[in-house]
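The values are calculated or read from the model by the stated rules, or taken from the named source; none is laboratory data. Since this is a predicted model, take the numbers as computed values, not measurements. Heads up, the Cβs are rebuilt from the backbone with ideal geometry, glycines too, and the neighbour counts pull from every protein chain shown.
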Amino acid sequence: MGNKPKLAVISTWKTACGIAAFAHKMVPGFEEKFDVEVFPLDQSIIKANEKKIIKLGDKIIKGIADRLKEFDLVNIQFEPGIFGNHPKDIFRRLFKLIDNSPKCFITFHTVKQGTKFRYSTLTRLAFTKPIRAVDYWNTRGLDIQYVKMYAKLNTPRYKNVFCHYHTRSAQRYVNVRYPNIKTIDFPLTFISKPEKARYKANVEKDRQWILDSFDLPQDTVLVSCYGFISKYKGFDTIIRAIYQLPDNYKLCIFGAIHPNAIEPFKYTNEYLGNLLGLIDRKAKGIPDIVEDLLESDKELSFSLQDIKKLYAENDDHIKINKVLFGGSLSDDDFERAINGSDINVMSYLEVGQTSSGPIAISLDLEKNTIATYNKCFLQLKKYAPNCFDQFDIGNHVQLRKLIELHTIGKNDMSGLPAYSQNISLENRVEQIYQAYLDIPSN
């Protein structure tokens, strides 16, 4: 076959970032077809806001761009935030890389679908919710740049570029509006076929590793969730569900606060504090309504403080160790945790994402998986019928019942073997390789 074509991968690398984790898994797969070199994006510089440092970020991008003529194909792992903080900077840097690439494919991890901007909405938010007003204005700038990007890619000048999406709906959104852009779709996948076989052989070993880590007995049902601890993950819904289940059901949260959410001199992250408060109330058996009324300004005709004290002092209500925090894990241990857990739950809110690393790994490893009805997971269901169950966002009652059904095997996961066979790292790389052969060089 001769020498392999040369591939440049531009991404975050070896950092606490889902894009970096994905690139780290893709590179060994790419090496089956290409000679690969990774160009890391230094987030401490590229995401800076100071004018002088922005210029330094541009210099880093130019240094990468100047080398791209040496390669046959360039892969840009694209999430706007990893290329800068300002929309114009982000897309200027993106096209600096594209314009210097002989052939290029862009992996889109988020697809922006432009929404109509209303100045009346901006004015209302400016007076009522100033922070939201800033976000709304910034979103407008991002939407405008996305439209400009697709319009440019739709021209003959960029016939050497193809776009790679994780969902069919994202691909179709682009195809309908910009028919000259070449696109392919393939759901997110992390695990190669040999790795899948190895993990399958080690399920009990990985399960015991989790039990030992938390000093739990063998009859424990391990219900786990993953990722940075933030509101959009919906961990509070799983906590409410776990306290409605028998004591041997434990919730393991494998994740930590995102580094960017760590604030100076702040004792506890706001969302983490809310979770800890919820856990404390549930452990003591204090009804949510008691806490809600205590925090309100309403005049009360009876003493809720007395009720709270009664619950807090009654040992019969206390349920300790129902929720366990596993902290931030290495990529390998993250996969071991997913493999060793009995049930993996993705309780995400709707935030516009087109993919999720934890659910991709869970399906790769043919694990019992439950996810919310958000747009991302509804799209994933089209590739993975009869592979995971779903519940309405925030519905802890429905989630509790699904966990019970998974525990006793009364759930239809019959599609998992076929999914795991067809949706693999090898098949994803082969699709990309064929697209590379089909497009002309610039």
Across segment 189-215, the tally of residues that are surrounded by fewer than 18 Cβ atoms within 10 Å (Cβ to Cβ), assigned to a loop (DSSP other than H, G, I, E, B) and either in contact (Cβ under 8 Å) with a residue 24 or more places away in the chain or not charged (D, E, K, R) (or both) stands at 1
Can you list residue pairs whose Cβ atoms sit under 9 Å apart, with the first residue in segment 251-265 being within 21 Å of Val223 (Cβ to Cβ) and the second being polar (S, T, N, Q) and surrounded by 20 or more Cβ atoms within 10 Å (Cβ to Cβ)? Count only pairs 6 or more apart in sequence or on different chains. Leu251/Ser224; Cys252/Ser224; Cys252/Ser341; Ile253/Ser224; Phe254/Ser224; Phe254/Ser341
Check off (1) farther than 17 Å from Tyr165 by Cβ; (2) touching a residue at least 40 places away in the same chain (Cβ under 8 Å); (3) within 21 Å of the chain's Cα centre (by Cα) for Thr407 and give me the number that stays unchecked. (3)
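Residues that are surrounded by fewer than 18 Cβ atoms within 10 Å (Cβ to Cβ), without any contact (Cβ under 8 Å) to a residue 60 or more places away in the chain and closer than 20 Å to Arg428 by Cβ: does segment 9-18 have at least one?
No, there is no match, as no residue in segment 9-18 is surrounded by fewer than 18 Cβ atoms within 10 Å (Cβ to Cβ), without any contact (Cβ under 8 Å) to a residue 60 or more places away in the chain and closer than 20 Å to Arg428 by Cβ.
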So for segment 356-372 (the condition being out of contact with any His (no Cβ under 9 Å at 6 or more places or on another chain), buried (at least 16 other Cβ atoms within 10 Å of the Cβ) and on the phi > 0 side of the Ramachandran plot), does at least one residue qualify? yes
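Can we say Ile253 is assigned by TED's automatic domain parsing to the domain that holds Ala337 and part of a helix (DSSP H, G or I)? Give the steps one after another, and end with the answer.
Working: assigned by TED's automatic domain parsing to the domain that holds Ala337: yes; part of a helix (DSSP H, G or I): no.
Considered against the rule, which asks whether it is assigned by TED's automatic domain parsing to the domain that holds Ala337 and part of a helix (DSSP H, G or I), Ile253 comes out as no.
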Quick one: Val176 ticks every box in (1) in the same structural domain as Gly394 (by TED's automatic domain parsing); (2) over 14 Å from Ile338 (Cα atoms) except a single one, so which number is it? (1)
Of the listed residues (Gln398, Gln379), the one being of a type in the set (S, T, N, Q) and under 30 Å from Lys112 (Cα atoms) is Gln379
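Against the definition (over 24 Å from the mean Cα position of the chain (by Cα), more than 24 Å from Ile403 (Cβ to Cβ) and among the hydrophobic types (A, V, I, L, M, F, W, C)), how does Ala170 come out, yes or no?
On the way: over 24 Å from the mean Cα position of the chain (by Cα): no; more than 24 Å from Ile403 (Cβ to Cβ): yes; among the hydrophobic types (A, V, I, L, M, F, W, C): yes.
Judged against the criteria, Ala170 is not a match.
Those residues that are in a loop (DSSP other than H, G, I, E, B) and among the hydrophobic types (A, V, I, L, M, F, W, C), I need them from segment 393-418; list them, please. Before the answer, list the steps.
From segment 393-418, those in a loop (DSSP other than H, G, I, E, B) are 393-395, 408-415; that's our starting set.
Within segment 393-418, Ile393, Ile408, Met413 qualify.
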Scan segment 172-188 and tell me whether some residue there is surrounded by 17 or more Cβ atoms within 10 Å (Cβ to Cβ) and out of contact with any helix residue (DSSP H, G or I) (no Cβ under 9 Å at 6 or more places or on another chain). yes
Across segment 153-172, what is the total count of residues that are more than 14 Å from Phe186 (Cβ to Cβ) and touching an Asp or Glu at 6+ places or on another chain (Cβ under 6 Å)? 0
Cβ pairs under 9 Å, 6+ apart, first in segment 66-87 and assigned by TED's automatic domain parsing to the domain that holds Val111 and within 11 Å of Lys6 (Cβ to Cβ), second crowded, with 17+ Cβ neighbours inside 10 Å and of a type in the set (D, E, K, R): Phe71/Lys103; Asp72/Lys103; Leu73/Lys103; Val74/Lys103
Just to be sure, is Ile229 within 15 Å of Ala337 (Cα to Cα) and in a loop (DSSP other than H, G, I, E, B)? no
